[in-house]
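What follows is a single structure, written as structure tokens, with notes after it.
The values are calculated or read from the model by the stated rules, or taken from the named source; none is laboratory data. None of these values were measured; they are calculated from a predicted model. Cβ coordinates were reconstructed from backbone atoms using ideal geometry, including for glycine residues, and neighbour counts include every protein chain displayed.
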Amino acid sequence: MSWKIYLVVITNAVYSNLAELPEKIGVGHLNPKKEVSIMEAQYLDKGMSIGKYEDKIIIVSSPLVFDLLEKKDSEVRNKLFKIFPKSEIAVLTTGYVNGYSIIKDGITLRTYVIADLKSFVNYGQKLAEEIEAYNEISSDKDLMNMIREESPEDLEAVINENVGESTVFKLTKRYFNQRIDEEGSAFENIILTHYE
């Protein structure tokens, strides 16, 4: 299965009123339309989907994800910091672009975005999940031989692209108790409200 995900995960959000969130982050013009699974939400072209998983708020929106990944001082980023000052905010995407950002207590710890074998954003210290992904990929002899054979001139770039994708899935374990691409994951059962 090929994955396409656009996720914003906000921790420590137990008492948050989800119905007020669109207004608070500046998209109050959106109205609730229907309930969708988190996987369905990834493929909706318009709007934003919002829901909860345990004590975390989940937002699915490709424009929001790219706004948070690409702009250091976006308006929505600042609003999220105000609303959730003591939360960890994770921004995760994979598909056409592999990227992640971890923001804790209003401070961006790490942001990395790679596509087409080029890193577009590379800020902060590498995460434990990122180091683990690199070690796993670089020690996989079969994979390394395949990369060397197919892309000898882009060896490091192909490794980094694979590390970016693997890191996204490793990070999902932080928020969903297990990787979302593992068998038995409850990820696909999460229901969100879609706003348009």
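Scanning segment 140-196 for residues that are more than 25 Å from L21 (Cβ to Cβ) and among the aromatic types (F, W, Y) yields one hit, F169.
Applying the criterion of being touching a residue at least 40 places away in the same chain (Cβ under 8 Å) and outside any strand (DSSP E or B) to the residues of segment 114-129, the residue that is nearest to V163 (Cα to Cα) is E129.
Give the number of residues within segment 85-116 that are of a type in the set (F, W, Y) and surrounded by fewer than 20 Cβ atoms within 10 Å (Cβ to Cβ). Walk me through it before giving the result.
Restricting attention to segment 85-116, the residues satisfying the condition of being of a type in the set (F, W, Y) are 96, 100, 112.
Filter once more, keeping what is surrounded by fewer than 20 Cβ atoms within 10 Å (Cβ to Cβ): 96.
So the count comes out to 1.
Against the numbered list (1) under 20 Å from F169 (Cα atoms); (2) modelled with pLDDT under 90; (3) touching a Ser or Thr at 6+ places or on another chain (Cβ under 8 Å), K72 comes up short only at (1).
Where helices (runs of 4 or more DSSP H) sit wholly within segment 1-113, none has at least 2 residues that are within 19 Å of A186 (Cβ to Cβ) and of a type in the set (G, A, S). Only a single criterion out of (1) hydrophobic (A, V, I, L, M, F, W, C); (2) in contact with a Leu (Cβ under 9 Å, 6 or more places away or on another chain); (3) at pLDDT 90 or above; (4) within 15 Å of E196 (Cβ to Cβ) is not satisfied by V91, namely (4). Screening P63 with (1) free of Cβ contacts under 8 Å to residues at least 24 places away in the same chain; (2) within 22 Å of N12 (Cβ to Cβ); (3) surrounded by 13 or more Cβ atoms within 10 Å (Cβ to Cβ) gives one miss only, at (2).
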